[in-house]
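Peer 1: Handing you this structure, nothing more for now.
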Amino acid sequence: MRTVRVALTLVLAALAVACALVPPLFATAGRDAFDDAAIVLVIATYAAVGAVIELARPGHPVGRLILLGAVAWGLGEALVAVPLRATVVDEAMALTGVAGTAVRGVGWLLLVVVLPLVFPDGRPPRYAARLAASCIVLFTLGSVLAPMPLEERLAGVDNPVGLSGPWAATADLMAIGALVMASGCLAVAVTRMVRRWRRGDDLERQQVMIFAVTFALPLVLMPLVATPWVEPWMFAVVMVPVPLAVAVALLQRRLYDITIAVNRSVTYVGLSAALACIYALVVGGVGAMLADRGTPWLPWAAAGVVAVAFAPVRDSLQAAANRLTYGRWSAPAEVLAQTGRRLADAADGPALLRALTDELVDGLRLEHVEIVDRTGRVLAASGVNGALSHAVPLTAYGSDVGMLHWSGRSVREHESRLLDDVARQVGGVVHAAGLVEDLRAAQERLVEAREQERRRLRRDLHDGLGPSLAGLGFQVDTISNLVRSGASVDDRLDLLQSGLRETVAEVRRIVDGLRPPALDDLGLFVAVAELGHELVGAAGVDLTLDLPGTRPVLPAAVEVVAYRVAQEALTNVVRHAGATSCRVAATVSRDVLSLDVSDDGGGAGTTSAPARHGLGIGLRSMCERADEIGGRVEVSSLARGTLVSLRLPLGEGAST
């Protein structure tokens with residue numbers, strides 16, 4: 001079966017070409033040889049493409065339609081050539097000419113009207129198929145019933161089956177109706193192409209685009225075919241690219257980039273026109289100046305000028321075509337330089353990121369672009385929301401800081417490299433935006449902590465120290481009254497003395513809440529050692545200390561944070577770990593204070609300062625205290641137990 005199909009396909013293609021060769025081989029009258037050659041070329045191209053599609057994709061409606069149209073067109077040309085070659089046109093010859101015009105017209109309609117309707121999947125809408133069928137039927141009837149064959153070279157030959165008298169107008173109405181329906185079919189085809197371009201995927205959009213580009217010129221010339229301005233060979237020549245475009249669209253999985261094709265076409269069409277103008281200006285201008293355009297050396301001089309101007313004109317036109325088809329993205333160095341300037345001048349990070357996403361959507365014609373940080377939070381987005389299908393990582397200082405996502409068409413290789421370069425620059429902005437957000441969050445926590453501390457001091461002073469001092473004042477007044485009256489005041493003085501001691505203790509408690517006095521009296525490491533003995537040792541847990549024996553001078557904020565973190569970590573060992581031993585170790589280098597508290601208890605998971613969601617209040621408090629001065633707390637599980645590691649920068653405020 002396959003052999004029969006292949007043989008039949010090849011026979012039909014050969015038949016179309018053979019029939020097309022009949023007019024030029026037998027030198028029919030009334031047509032230029034160039035017209036015959038152009039028609040043979042276009043019929044042979046359609047026949048070859050139809051055969052290739054049928055063999056590569058058996059049963060595809062587009063391939064069969066092209067092959068059938070080529071056969072009909074070639075057969076019609078051969079039939080029309082028969083009466084043109086005859087010296088005497090009898091009735092049989094006239095019928096042959098009529099049949100030829102009808103069959104040739106059907107071939108034209110199949111290739112020019114029906115093909116755009118069925119491309120690329122071969123499934124036109126039902127109403128469009130009915131409209132095309134009606135057009136073909138009306139045209140065939142109008143051709144067969146016309147008083148004379150619809151071929152100007154057969155003018156004066158009567159149609160034996162044509163209508164005559166008052167019925168002759170019926171054939172004309174049929175022809176006009178077929179023309180109107182053909183126009184309607186073409187309008188439907190254009191509408192369907194636009195809809196496919198908007199809604200189709202990348203492959204379908206490329207198929208529609210490459211077909212539309214090649215079919216545009218025949219569509220423009222079609223209304224002018226009946227005028228004296230368009231020769232038969234012109235319409236035939238502009239039809240040649242159409243079947244080639246159909247073959248490329250249907251047979252290749254990955255189509256050639258139509259933007260590149262348009263770019264090259266614009267460049268070389270402009271180049272040809274520019275060089276022709278230069279040649280004409282040199283010949284005409286110099287010839288006019290010399291009053292002799294027939295000078296034999298003048299064409300050679302013009303050719304030399306054209307040769308010298310070729311390279312600069314081509315480069316200029318290529319740059320203009322690049323800017324026309326690719327926009328500013330045709331010059332990667334320019335885009336990167338401008339991006340760098342915008343990054344350097346940026347004062348508003350979010351606005352800059354939004355401007356960059358807008359540039360990517362407009363410059364690369366993408367559907368949607370968004371920039372997210374490492375937590376997945378969207379920092380900027382542009383375009384129409386849709387499924388994000390591509391991504392480029394954003395890095396800064398050797399670490400990932402986010403992702404650049406986009407959806408839409410697949411970018412070309414040079415665009416992908418440019419996106420990578422832009423992503424490296426955008427990574428710094430995303431990193432800076434993250435730092436700004438962290439700084440803002442730290443400032444908010446600092447303000448909140450300060451306000452909480454102020455509320456605590458106000459509460460302590462108002463509820464504790466204030467009433468105590470007021471009570472002492474009342475006691476002083478009472479003692480003063482008793483002294484004036486001569487009564488004994490010994491008991492009152494003892495009570496006043498006790499109240500003063502309690503008030504002093506309350507003041508010390510408040511002061512100790514601001515800064516542990518042991519830090520000033522003993523230094524950080526001795527204070528931590530005493531804290532360990534007080535908390536861990538008293539609970540019956542073995543305590544091992546590995547602390548520096550000297551008392552380095554440390555920044556006051558570093559001492560407070562280290563002491564509070566150690567206090568919280570040791571408290572957790574006693575309350576939650578269920579440990580039997582605990583080790584506290586610390587080291588001081590020139591720029592870092594390290595403090596580790598480990599135990600052999602039940603463990604507390606693993607976390608760090610950047611990822612502390614869901615932690616308890618104590619662990620979160622440790623992380624926030626370290627964050628405030630640029631430090632870091634890491635809580636990790638050991639083979640048995642937990643390790644709390646604190647690292648605090650010392651800057652220039654520490655010395656040993």
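The values are calculated or read from the model by the stated rules, or taken from the named source; none is laboratory data. All of these numbers come straight from a predicted model, not from anything done at the bench. Using ideal geometry, Cβ is built from the backbone for each residue, glycine included, and neighbour counts are taken over all protein chains shown.
Peer 1: If a residue has to be modelled with pLDDT of 85 or more and not in a helix (DSSP H, G or I) to count, how many in segment 163-216 make the cut?
Peer 2: 0
Peer 1: Let me ask another. Just name the residue that is modelled with the lowest pLDDT out of those in segment 135-162 that are acidic (Asp, Glu) and within 18 Å of TRP108 (Cα to Cα).
Peer 2: GLU152
Peer 1: Let me ask you something else. For segment 463-484, which residues satisfy the criterion of being among the polar types (S, T, N, Q) and either touching a Lys or Arg at 6+ places or on another chain (Cβ under 7 Å) or not assigned by TED's automatic domain parsing to the domain that holds GLU502 (or both)?
Peer 2: Start the filter on segment 463-484 by keeping residues that are among the polar types (S, T, N, Q), which leaves 468, 475, 478, 480-481.
Result: GLN475, THR478.
Peer 1: Condition (residue is more than 57 Å from the chain's Cα centre (by Cα) and over 30 Å from VAL6 (Cβ atoms)) applied to segment 64-80: is it met by at least one residue?
Peer 2: No, that holds for no residue.
Peer 1: Checking GLY142 against (1) within 20 Å of ILE39 (Cα to Cα); (2) over 40 Å from the mean Cα position of the chain (by Cα), which test does it fail?
Peer 2: Against the list (1) within 20 Å of ILE39 (Cα to Cα); (2) over 40 Å from the mean Cα position of the chain (by Cα), GLY142 comes up short only on (1).
Peer 1: With respect to ALA70, is the statement that it is in a helix (DSSP H, G or I), aliphatic (A, V, I, L, M) and over 20 Å from PHE211 (Cβ atoms) true?
Peer 2: Criteria not met by ALA70.
Peer 1: Residues VAL4, VAL17, VAL11, VAL49: which one is crowded, with 20+ Cβ neighbours inside 10 Å and among the β-branched types (Val, Ile, Thr)?
Peer 2: Only one candidate qualifies: VAL49.
For every residue, the table says whether it meets (1) closer than 23 Å to HIS533 by Cβ; (2) of a type outside the set (A, V, I, L, M); (3) surrounded by fewer than 20 Cβ atoms within 10 Å (Cβ to Cβ); (4) modelled with pLDDT under 80.
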| position | (1), (2), (3), (4) |
| --- | --- |
| SER581 | yes, yes, yes, no |
| ASP591 | no, yes, yes, no |
| VAL597 | yes, no, no, no |
| ASP600 | yes, yes, no, no |
| ALA611 | no, no, yes, yes |
| MET622 | yes, no, no, no |
| ASP627 | no, yes, no, no |
| LEU643 | yes, no, yes, no |
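Peer 1: Out of LEU79, LEU111, LEU25, report the one residue that is surrounded by fewer than 18 Cβ atoms within 10 Å (Cβ to Cβ) and either on the phi < 0 side of the Ramachandran plot or not assigned by TED's automatic domain parsing to the domain that holds ARG192 (or both).
Peer 2: Only one candidate qualifies: LEU25.
Peer 1: When residues of segment 549-577 are filtered for being part of a loop (DSSP other than H, G, I, E, B), under 16 Å from LEU648 (Cα atoms) and either touching a strand residue (DSSP E or B) at 6+ places or on another chain (Cβ under 8 Å) or charged (D, E, K, R) (or both), how many remain?
Peer 2: 2
Peer 1: Given the residues GLY59, GLY100, which is the only one that is small (Gly, Ala, Ser) and farther than 14 Å from ARG153 by Cα? Give the steps one after another, and end with the answer.
Peer 2: On the way: GLY100 fails: farther than 14 Å from ARG153 by Cα.
None of the other options fit; the residue is GLY59.
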